[in-house]
1. Please enumerate the residues belonging to region 85-118 that are polar (S, T, N, Q) and under 16 Å from the mean Cα position of the chain (by Cα).
2. Here is a check on your reading of the model: is Arg37 free of Cβ contacts under 8 Å to residues at least 40 places away in the same chain and either of a type in the set (Asp, Glu) or assigned to a helix (DSSP H, G or I) (or both)?
3. On the given criteria, is Gly31 at positive phi, out of contact with any Ser or Thr (no Cβ under 8 Å at 6 or more places or on another chain) and not β-branched (Val, Ile, Thr)?
4. Say we look at region 75-116 and pick out the residues that are aliphatic (A, V, I, L, M) and modelled with pLDDT of 85 or more; which of these is surrounded by the fewest Cβ atoms within 10 Å (Cβ to Cβ)?
5. Among the residues that make up region 53-65, is at least one of them at pLDDT below 90, touching a helix residue (DSSP H, G or I) at 6+ places or on another chain (Cβ under 6 Å) and of a type in the set (Asp, Glu)?
6. Quick check on region 117-151: of everything there that is surrounded by 13 or more Cβ atoms within 10 Å (Cβ to Cβ) and aliphatic (A, V, I, L, M), which residue is farthest from Ile74 (Cα to Cα)?
7. For residues that are open to solvent by less than 80 Å² (accessible area, probe 1.4 Å) and in a strand (DSSP E or B), scanning just region 40-61, find the one that is nearest to Ala90 (Cα to Cα).
8. Counting only residues that are on the phi < 0 side of the Ramachandran plot and charged (D, E, K, R), give me the strands (runs of 3 or more DSSP E) lying completely in region 70-141 with at least 3 of them.
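The values are calculated or read from the model by the stated rules, or taken from the named source; none is laboratory data. As the structure is a prediction and not an experimental result, all values here were calculated from the model. Note that each Cβ is placed from the backbone with ideal geometry, even for glycine, and that neighbours are counted across all protein chains shown. Protein only, heavy atoms only, side chains kept; ligands, DNA and RNA dropped before computing areas. Shrake-Rupley method; radii C 1.70, N 1.55, O 1.52, S 1.80 Å.
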Amino acid sequence: MDWRVLDPRIWEEAKEEARAREFHGDYAILGTDFDPRAVAIARKNAERAGVEDVVRFEVADAMAFDRSTGRGVIVTNPPYGERILEKEEAEALYTGFGRALSRCEGWQVYLLSSHTEFERCFGRSADKKRKLYNGMIKCDLFMYTGRGERK
């Protein structure tokens, strides 16, 4: 917003366009983590951002994911096995999460990982991938949109 090379009117037009496209229906946004401390931090961040009324938080295990809704979108940045979990633990998480999601047809998944064998562990090749960085860590954004084939 403070870039001097950008005409402030362009920024204002972009904000108005975003506001005009805002969804005014019912949200069902759920934030989960295995670690209760991470859930508490996320809840406080939602409060600071003023969105605590549209996001529900739960302590949950990704490997036990099971939703009865017909469709949904998951956006996740699980441990890579570089800082939080060891590589073998991260691979077990990816495998379990992939199995759990295989029972949830109609769900889209957007997952960020630096693990070079992520798709093998997850059990499915991504429908699309994008290379990017999470801080200084080279990652891929694996996109499962429901059009790919399970391995």
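1. Step one: of region 85-118, the residues polar (S, T, N, Q) are 95, 102, 108, 113-114, 116.
Once the filter is applied, which keeps residues that are polar (S, T, N, Q) and under 16 Å from the mean Cα position of the chain (by Cα), region 85-118 yields Gln108, Ser113, Ser114.
2. On the way: free of Cβ contacts under 8 Å to residues at least 40 places away in the same chain: yes; either of a type in the set (Asp, Glu) or assigned to a helix (DSSP H, G or I) (or both): yes.
Considered against the rule, which asks whether it is free of Cβ contacts under 8 Å to residues at least 40 places away in the same chain and either of a type in the set (Asp, Glu) or assigned to a helix (DSSP H, G or I) (or both), Arg37 comes out as yes.
3. Numbers: at positive phi: no; out of contact with any Ser or Thr (no Cβ under 8 Å at 6 or more places or on another chain): yes; not β-branched (Val, Ile, Thr): yes.
It is false that Gly31 is at positive phi, out of contact with any Ser or Thr (no Cβ under 8 Å at 6 or more places or on another chain) and not β-branched (Val, Ile, Thr).
4. Step one: filter region 75-116 for residues aliphatic (A, V, I, L, M), giving 75, 84-85, 90, 92-93, 100-101, 109, 111-112.
From what is left, the residues that are modelled with pLDDT of 85 or more are 75, 92-93, 109, 111-112.
On the way: Val75: 11, Ala92: 15, Leu93: 21, Val109: 23, Leu111: 22, Leu112: 18.
Ranking the candidates gives Val75 first.
5. no
6. In this case the residue turns out to be Ile137.
7. Applying the first criterion (open to solvent by less than 80 Å² (accessible area, probe 1.4 Å)) to region 40-61 yields 40, 42, 45-46, 49-51, 54-55, 57-58, 60-61.
So of that shortlist, the ones also in a strand (DSSP E or B) come out as 55, 57-58.
Numbers: Val55: 27, Phe57: 23, Glu58: 21 Å.
Across region 40-61, the extreme among qualifying residues is Glu58.
8. Details: elements: 72-76, 107-113, 128-134.
The qualifying strands (runs of 3 or more DSSP E) are 128-134.
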